[in-house]
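Student: Pasting a structure here, questions to come.
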Amino acid sequence: AWDKAGEYYSKLAFDTSDKDKQTELRNEAYKYRAKERFAMGFIDLDTGEPIIIDVSKPQAQAIHTIIRKNEKKLAKVAFELEKNGQGTSTSVLLSPLSLDPEDDEVTPKQRENYAKYDGKQFDMALFDGLLYEADDSEQLQLLTQAGFDIALIGASKTEAPIAGDDINEDDLPF
């Protein structure tokens, strides 16, 4: 349903010759389009616990590039992950940190947490159940809540019942 909402506005933008209206309609279409996201697993060296971060495709590519560039040194290098900016201008930076005890980039506790995972694979089971996909009815309901007129994509309110619509006062325990 969200794809159809995006397509609805994209078609309107394509069909108009007014440049300002095209921009407005493309921006509206963008709101409803799926955005490719990537989940990446790391170990938080401060806590020693695994974490999963959610990043955009360009952010994932930037992170992956740094890891690949340092792959021969992975047994000797930890990384610091930084996030800068907001919204679509958010960037991530993965910086290698020396694990050499002579360097003070990493604390003794962080070195200890790093050593706990030496030679171990990240627990991929942590990704299980991470994503949730709404069914068509729920997507229509969410579109309605977002202020989109679902009739524009050929759907009706009966296909997107709002939670609680079918409850009468006699059903309630209070």
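The values are calculated or read from the model by the stated rules, or taken from the named source; none is laboratory data. None of the values given here were measured: they were computed from a predicted structure. As a convention, Cβ positions derive from the backbone with ideal geometry for all residues, glycine included, and neighbour counts pool all protein chains shown. Accessible surface is based on the protein model in full, side chains and every heavy atom, while ligands, DNA and RNA are left aside. Shrake-Rupley method; radii C 1.70, N 1.55, O 1.52, S 1.80 Å.
Student: For Kirkwood radius over Cα pairs in Å, pick the label among (i) 15.7; (ii) 20.6; (iii) 18.4 that corresponds to the value derived from the coordinates.
Tutor: (ii)
Student: Taking loop as defined by DSSP and a crowding limit of 10 other beta carbons within 10 Å, which trypsin sites (Lys or Arg not before Pro) in region 33-116 fit?
Tutor: Numbers: sites: R33, K35, R37, R68, K69, K72, K73, K76, K83, K109, R111, K116; in loops: R33, K35, K76.
Taking region 33-116 and a limit of 10 other Cβ atoms within 10 Å, the loop trypsin sites (Lys or Arg not before Pro) found are K35.
Student: Also, quick follow-up: Filter the GluC sites (Glu not before Pro) in region 66-133 down to the DSSP loop ones having no more than 16 other Cβ atoms within 10 Å, then list what survives.
Tutor: In loop regions of region 66-133 (DSSP not H, G, I, E or B), the sparsely surrounded GluC sites (Glu not before Pro) are E102, E105, E133.
Student: Using R₀ = 45 Å, calculate the FRET efficiency as 1/(1 + (r/R₀)^6) where r is the Cβ-Cβ separation of L131 and D104; round to 0.05.
Tutor: Numbers: r = 40 Å, r/R0 = 0.88.
Computed FRET efficiency for L131 and D104 comes out at 0.70.
Student: Just to make sure I understand: if all protein chains stay in place, what is the order of T90, T23 by accessible area at 1.4 Å, largest first? Intermediate values should be presented prior to the final figure.
Tutor: Values: T90 25, T23 75 Å².
So the residues, ranked largest to smallest area, are T23, T90.
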